[in-house]
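Reviewing the structure listed below.
Read-outs throughout are calculated quantities, based only on the coordinates presented, and are distinct from any laboratory measurement. It should be emphasised that the depicted structure is a prediction, and the values quoted were computed from it without experimental measurement. All Cβ positions, even for glycine, are placed from backbone atoms using ideal geometry, and neighbour counts span all protein chains on display.
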């Protein structure tokens, strides 16, 4: 069957455009704190608001099976438009912490129709080589997540410039939505759901191999978004400990997070030789090791060593993400694939709220340099799920 060659690049570019909404607030967090008179703890709360909105949205999508019952390209488009509008809410005059939390929550709901639905669209087009395709797709999410930090590098602080970051991310979200709507038709492997199945999101967990992949993904998510959210904190804390060191924190945050997109793509290719499960487990193990040894690196008086370490950590922390999504998609029934991806995303992002809030609390009572080994609990759980002894031997999807 001939696939249109432009489909994957368009899905990837659109995913990048729309997921730039995710960390748009984090990219200008210092300006938000100053402009609206917020306390430092607002960073964790505003980040968690997006995650909580995403969870709420994915639960709604999964419960109603929206991504399976309706054309996913139209769902993606509508959510891209709403996400762009809600993202603009944070530049309105008179905002306070409550209103900012609401705008970020609503943006998170919109993202529920973008990220997992984008994976659903890709799964509808690619059955063989899905891991490689999702590698590009999740790579676009990673770069989109980091993009606001890059924009912040070129805008400066205070007044109108920081608002340009928000305006820009909303504008490209609209662009991404239109590209998907008009240039990506229904995929050849799409099998539409026949109606609302209120238990579809529970039934997918009856598959043992699906559960194995899902719990591996949950462990991965405990670490991922906390790492992304607190990269600027790590850099800032290191600068306080070593005053002679100067970092361009927005630019370095972009590089540390954004280069993970290359790891997603590379992981997709490597998995074709190593196997999806083995490749995912290797990345999970290495990122867990980074969590554990992070205090030792932070104590070293070498900015080059720190940046090299954080870049490596940023590569490993996300390289397994598309691989887990591949295992999940390959072990879900065709008619419930969208629901399966959505509900696993929902639970995974609920876990990110717990880890982000825990890190936020620990940062208030412990030296920041000693906080991040707690993130190793996630990779440990993920590896246990993938390789516990009572798992039946099966082929590596």
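Note on the chain: GNM, Cα springs under 10 Å; of 47, 153, 58, the largest mean-square fluctuation is that of 153. Rounded to the nearest 0.05, the FRET efficiency derived from the C-beta distance between residue 248 and residue 92 at R0 = 25 Å is 0.25.
Sorting 22, 103 from the fewest to the most surrounding beta carbons within 10 angstrom yields 103, 22. When peptides 272-279, 359-366 are sorted by average Cβ neighbour count within 10 Å, with the highest value leading, the order is 272-279, 359-366.
For the peptides 137-148, 172-183, the ranking by mean Cβ contacts within 10 Å, running from highest to lowest, is 137-148, 172-183. Among 351, 121, 292, the largest mean-square fluctuation in a Gaussian network model of the chain, built with springs joining Cα atoms closer than 10 Å, belongs to 292. Taking label positions 7 Å along the Cα-Cβ direction at both residue 175 and residue 274, the computed distance is 3.4 nm, reported to one decimal. Gain on full extension, evaluated as 0.36 nm per residue between residue 39 and residue 293 minus their Cα-Cα distance, stands at 88.4 nm. Per-residue Cβ neighbour counts within 10 Å put 223, 244 in the sequence 244, 223, beginning with the fewest. Packing, as the average of other Cβ atoms within 10 Å across residues, places the peptides 82-88, 372-378, 318-324 in the order 318-324, 82-88, 372-378, highest first. From its DSSP helices (H runs of at least four residues, each -39,500 (n - 2.57)), the chain gives a residue-normalised ellipticity at 222 nm of -25000 deg cm²/dmol. Between residue 99 and residue 74, the distance separating the two model label sites (each 7 Å from Cα on the Cα→Cβ line) works out to 3.5 nm.
With 0.36 nm allotted per residue and the present C-alpha distance subtracted, the residue 361-residue 304 stretch has 17.6 nm of extension available. When the chain is treated as a GNM with alpha-carbon contacts under 10 Å, the residue of 221, 234, 119 showing the greatest mean-square fluctuation is 234. Using only alpha-carbon positions in the range 3-154, the gyration tensor eigenvalues give semi-axes of 30, 17, 12 Å once each is multiplied by 5 and square-rooted (largest first). For the chain, the convex hull spanned by the alpha carbon atoms encloses 128 Å³ per residue.
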